[in-house]
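The values are calculated or read from the model by the stated rules, or taken from the named source; none is laboratory data. Keep in mind that this is a model prediction, so the values were computed, not measured. Cβ placement follows ideal geometry from the backbone for every residue including glycine, while neighbour counts extend to all protein chains displayed. Just so you know, the surface numbers come from the protein's heavy atoms only, side chains and all, with ligands and any DNA or RNA stripped out. Shrake-Rupley method; radii C 1.70, N 1.55, O 1.52, S 1.80 Å.
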Amino acid sequence: MPLWRWFASANDAAAKLDACGALRYRDEAERELGKLGRRTYRRTRPGKVDGTGVETLTARELEVAQLVVDRKTNPEIAAQLFLSQKTVETHLRNMFRKLGVASRVELARAVERSRA
């Protein structure tokens, strides 16, 4: 039995699973909602507004950035995160602006430097 079925509703499950960081199970609950014809809207937690560098990225931007570090293409990132390619392009454009970089290679280097 899927984990999200233990909650009162799939909406409730998605919110609580997101709050505790169980993203895989949250995504499963949201897919079930989609099968029922219900759209889920989730705001990503913003990064630090007054900071600089990688800490300014949202949670979703960090997910995309990690896949760029792993040398995934935009279509591969879109498929893995259940996003459109246009959304991936938008995340990349926003990250380039926030980090002051001009390429995927520079983005990957910035992310890896922040971990060191």
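Arg60 meets all of the listed conditions (1) open to solvent by 80 Å² or more (accessible area, probe 1.4 Å); (2) within 17 Å of Arg24 (Cα to Cα) but one, namely (1). How about the range 67-102: which of its residues are small (Gly, Ala, Ser) and part of a helix (DSSP H, G or I)? Passing the criteria: Ala78, Ala79. Exactly one residue out of Val105, Val54, Val64, Val111 is assigned to a helix (DSSP H, G or I) and touching a residue at least 60 places away in the same chain (Cβ under 8 Å), and it is Val54. Of the residues making up the range 50-73, those that are modelled with pLDDT under 90 and hydroxyl-bearing (Ser, Thr, Tyr) are Thr52, Thr56. Of the residues screened, Gly47 is one that is surrounded by 13 or more Cβ atoms within 10 Å (Cβ to Cβ) and modelled with pLDDT under 90. Which residues, taken from the range 1-36, are surrounded by fewer than 11 Cβ atoms within 10 Å (Cβ to Cβ), assigned to a loop (DSSP other than H, G, I, E, B) and either modelled with pLDDT of 75 or more or hydrophobic (A, V, I, L, M, F, W, C) (or both)? Met1, Ala8, Cys20, Leu36, listed by residue number. Among the residues of the range 82-93, those that are under 16 Å from Leu107 (Cβ atoms) and under 14 Å from the mean Cα position of the chain (by Cα) comprise Val88, Glu89, Thr90, His91, Leu92.
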